[in-house]
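The structure appears below as structure tokens.
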Amino acid sequence: MPSYTAIVTLLAVAFYFFLATRVAVARGKFNIRLPATTGHPDFERVFRVHQNTLEWMPTFLVPLWLCAIYLNDIAAAVLGLVWIGGRVLYFTGYSKGVEKRLPGFFIQSAACALLFVCALAGIVMRWSGG
Amino acid sequence: MPSYTAIVTLLAVAFYFFLATRVAVARGKFNIRLPATTGHPDFERVFRVHQNTLEWMPTFLVPLWLCAIYLNDIAAAVLGLVWIGGRVLYFTGYSKGVEKRLPGFFIQSAACALLFVCALAGIVMRWSGG
Amino acid sequence: MPSYTAIVTLLAVAFYFFLATRVAVARGKFNIRLPATTGHPDFERVFRVHQNTLEWMPTFLVPLWLCAIYLNDIAAAVLGLVWIGGRVLYFTGYSKGVEKRLPGFFIQSAACALLFVCALAGIVMRWSGG
């Protein structure tokens, strides 16, 4: 089994959990009581960082593991690290303002696109006896 | 590893990504500024299509892969294609009106139910030495 | 492949699907029309139970399976059952009131933390030739 990708996946989950704790902190700071998810723009941006990262989980994890299994463990792990880096930038940017989310967003999108292409290539190569 | 299911999973992720782009387009069309997720019913329905597809991802991907691994790759892949077809109908229907989401919704639900039963059968058969 | 963890994962997905049906029932009871997701606190709490369980899916499923594959199937399956138990308590508690969600929340958090540590230990042991 692909061990490098496994470690990078745990790191991605740990960062995703960290984002959930940021939502909890922002709830306290801006006094947004559960079960509400709106009420102050600064809270809503942090909430959206966490939600958007969740929304991208299938788009990230599926190609990541198909790339690791069908093509190459180290290639998948490196692109996984790039995705985490993009997500960190997205979080720090979006926390400051809506427009500042874009550089990190494009980095993580590019990592997912490359993982998708690598996964597809790996599966097709296996079919053609590669 | 189950290659047909791997390709179908990539297709499902690609369609899911396409839905995310529809949300972005609807944001522009109805001028719903981030981080808001409400403000116009036509936007909110497209937003819900994407969210509901995310909500069903565990219910789809887990039985899909357990079916592929423990029972049969091709059976899982075919049911996966049915799920994607149901989701396409759900998207085109729900975009027009709330009630028109139902045919696609039931098709994708039935595909998940069958995948669940197949996965369960596969695991139990392996236990009983099948 | 880890069969005990596979069965427990199906059980977790079945419970998650049950939560989705509770949201649908609460929609009818409090007359919250789609695509709205707000409008009555009793509906919103049930909606949040389902959403929060979805939000935790990556944090649960990834360590669960890495623990099952890299360390031990039965250990992963037992911790998976503890997670489901915590989620049942979280659902019954949160349905009554916001504060009553906490015991179940902490049980499922502890299960995820242990799964994370077990997964990490399993991967590191494999590297060191264990």
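The values are calculated or read from the model by the stated rules, or taken from the named source; none is laboratory data. All values derive from a computational prediction rather than experimental measurement. No Cβ is skipped: glycine too gets one built from the backbone with ideal geometry, and neighbour counts run over all protein chains shown.
Structure notes:
- Index of the failed condition, C:Val46 passing every other in (1) more than 16 Å from the chain's Cα centre (by Cα); (2) closer than 26 Å to B:Arg45 by Cβ: (1)
- Checking each residue in the stretch A:58-77 for being within 9 Å of another protein chain (Cβ to nearest Cβ) and among the polar types (S, T, N, Q) picks out only A:Thr59.
- Residue in the stretch C:93-108 that is in contact with a Cys (Cβ under 6 Å, 6 or more places away or on another chain) and either assigned to a helix (DSSP H, G or I) or of a type in the set (Ser, Thr, Tyr) (or both) present: no
- Among the residues of the stretch B:12-57, those identified as of a type in the set (D, E, K, R) and either surrounded by 14 or more Cβ atoms within 10 Å (Cβ to Cβ) or within 14 Å of chain C (Cβ to nearest Cβ) (or both) are B:Arg22, B:Arg27, B:Asp42, B:Glu44, B:Arg45, B:Arg48, B:Glu55.
- Members of the stretch A:9-63 that are of a type in the set (Val, Ile, Thr) and closer than 15 Å to A:Gly86 by Cβ: A:Val49, A:Thr53, A:Thr59
To keep it simple, each residue is scored yes or no on (1) over 17 Å from B:Gln51 (Cα atoms); (2) modelled with pLDDT of 95 or more; (3) touching a Gly at 6+ places or on another chain (Cβ under 9 Å).
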residue: B:Ala68; (1), (2), (3): yes, yes, yes
residue: B:Ala76; (1), (2), (3): yes, yes, no
residue: B:Val82; (1), (2), (3): yes, yes, no
residue: B:Gly86; (1), (2), (3): no, yes, yes
residue: B:Tyr90; (1), (2), (3): no, yes, yes
residue: B:Pro103; (1), (2), (3): yes, yes, yes
residue: B:Ala110; (1), (2), (3): yes, yes, yes
residue: B:Ala113; (1), (2), (3): yes, yes, no
residue: B:Val117; (1), (2), (3): yes, yes, no
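- If you check B:Thr21, B:Thr38, B:Thr59 for being free of Cβ contacts under 8 Å to residues at least 40 places away in the same chain and within 28 Å of A:Ala113 (Cα to Cα), only one passes: B:Thr21.
- Subset of the stretch B:118-130 (residues that are more than 11 Å from B:Leu66 (Cβ to Cβ), in a helix (DSSP H, G or I) and more than 9 Å from every other protein chain (Cβ to nearest Cβ)): B:Met125
- Subset of the stretch B:58-84 (residues that are assigned to a helix (DSSP H, G or I), polar (S, T, N, Q) and surrounded by fewer than 20 Cβ atoms within 10 Å (Cβ to Cβ)): none
- Scanning the stretch B:85-99 for residues that are within 12 Å of chain C (Cβ to nearest Cβ) and surrounded by 19 or more Cβ atoms within 10 Å (Cβ to Cβ) returns a single hit, B:Tyr94.
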